[in-house]
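As structure tokens, the structure follows; a few thoughts come after it.
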């Protein structure tokens with residue numbers, strides 16, 4: 001007798017894309033993003049899934065394959081990556097991935113260089129090496145910041161990282177859909 005699994009493992013590529021990357025479950029991804037995004041980003045009302053493979057400018061350039069790639073009603077782009085295995089240069093990979101939707105906004109001819117926001121979300125099943133001593137911070141929100149003033153210098157590039165091994169709250173202690181603080 002063959003016993004089928006009753007649940008989908010969200011930490012596998014198949015499970016993650018089945019849960020968050022399908023039209024049927026698009027509302028789950030929208031709710032998840034709205035919980036993670038900073039208040040000034042507003043609310044995502046709708047998303048369109050985009051092809052998840054991006055090629056370089058020439059046949060010799062490196063390509064990128066995103067777990068999920070989508071666009072909201074304002075034209076803002078969202079890259080969502082589930083990273084189960086520890087990757088030493090995941091931050092570098094995040095920056096590299098975010099360059100694709102930035103470059104694709106370029107227009108030929110006269111252009112004012114006004115870019116739409118790009119959000120890179122990394123759901124990590126590991127802890128960054130530099131964060132191993134700090135078990136309190138699960139949710140990282142990274143922007144370009146002026147180190148002199150501490151003010152956000154540019155708010156259209158946001159990198160959000162969730163270090164899941166640090167998340168220890170039980171269901172009973174959570175107040176919201178994703179109460180990570």
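Here residue 106 meets each of (1) more than 26 Å from residue 44 (Cβ to Cβ); (2) out of contact with any strand residue (DSSP E or B) (no Cβ under 9 Å at 6 or more places or on another chain) with one exception, condition (1). Of the residues making up segment 13-28, those that are surrounded by 13 or more Cβ atoms within 10 Å (Cβ to Cβ) and in contact (Cβ under 8 Å) with a residue 40 or more places away in the chain are 16, 17, 20, 21. Residues in segment 105-135 that are in a loop (DSSP other than H, G, I, E, B), without any contact (Cβ under 8 Å) to a residue 60 or more places away in the chain and either under 12 Å from the mean Cα position of the chain (by Cα) or closer than 24 Å to residue 34 by Cβ (or both): 105, 115, 116.
Just a yes or no: is a residue in segment 140-156 out of contact with any strand residue (DSSP E or B) (no Cβ under 6 Å at 6 or more places or on another chain) and at pLDDT below 90? For segment 140-156, residues out of contact with any strand residue (DSSP E or B) (no Cβ under 6 Å at 6 or more places or on another chain) and at pLDDT below 90: absent.
As for segment 76-89, it holds no residue that is farther than 30 Å from residue 165 by Cα and in contact with a helix residue (DSSP H, G or I) (Cβ under 7 Å, 6 or more places away or on another chain).
Tell me, please, whether a residue that is in contact (Cβ under 8 Å) with a residue 12 or more places away in the chain, surrounded by fewer than 15 Cβ atoms within 10 Å (Cβ to Cβ), on the phi < 0 side of the Ramachandran plot and not in a strand (DSSP E or B) can be found in segment 137-154. So far as segment 137-154 goes, yes, one or more of its residues are in contact (Cβ under 8 Å) with a residue 12 or more places away in the chain, surrounded by fewer than 15 Cβ atoms within 10 Å (Cβ to Cβ), on the phi < 0 side of the Ramachandran plot and not in a strand (DSSP E or B). Residues of segment 79-94 that are farther than 17 Å from residue 17 by Cα and crowded, with 19+ Cβ neighbours inside 10 Å: 94 alone. Look at residue 121 and say whether it is within 26 Å of residue 164 (Cα to Cα), buried (at least 17 other Cβ atoms within 10 Å of the Cβ), touching a helix residue (DSSP H, G or I) at 6+ places or on another chain (Cβ under 8 Å) and at pLDDT 95 or above. Considered against the rule, which asks whether it is within 26 Å of residue 164 (Cα to Cα), buried (at least 17 other Cβ atoms within 10 Å of the Cβ), touching a helix residue (DSSP H, G or I) at 6+ places or on another chain (Cβ under 8 Å) and at pLDDT 95 or above, residue 121 comes out as yes.
The values are calculated or read from the model by the stated rules, or taken from the named source; none is laboratory data. Owing to the predicted nature of the structure, the values given are computational and were not obtained by experimental measurement. Here the Cβ is made from the backbone with ideal geometry for all residues, glycine too, and neighbour counts use every protein chain on show.
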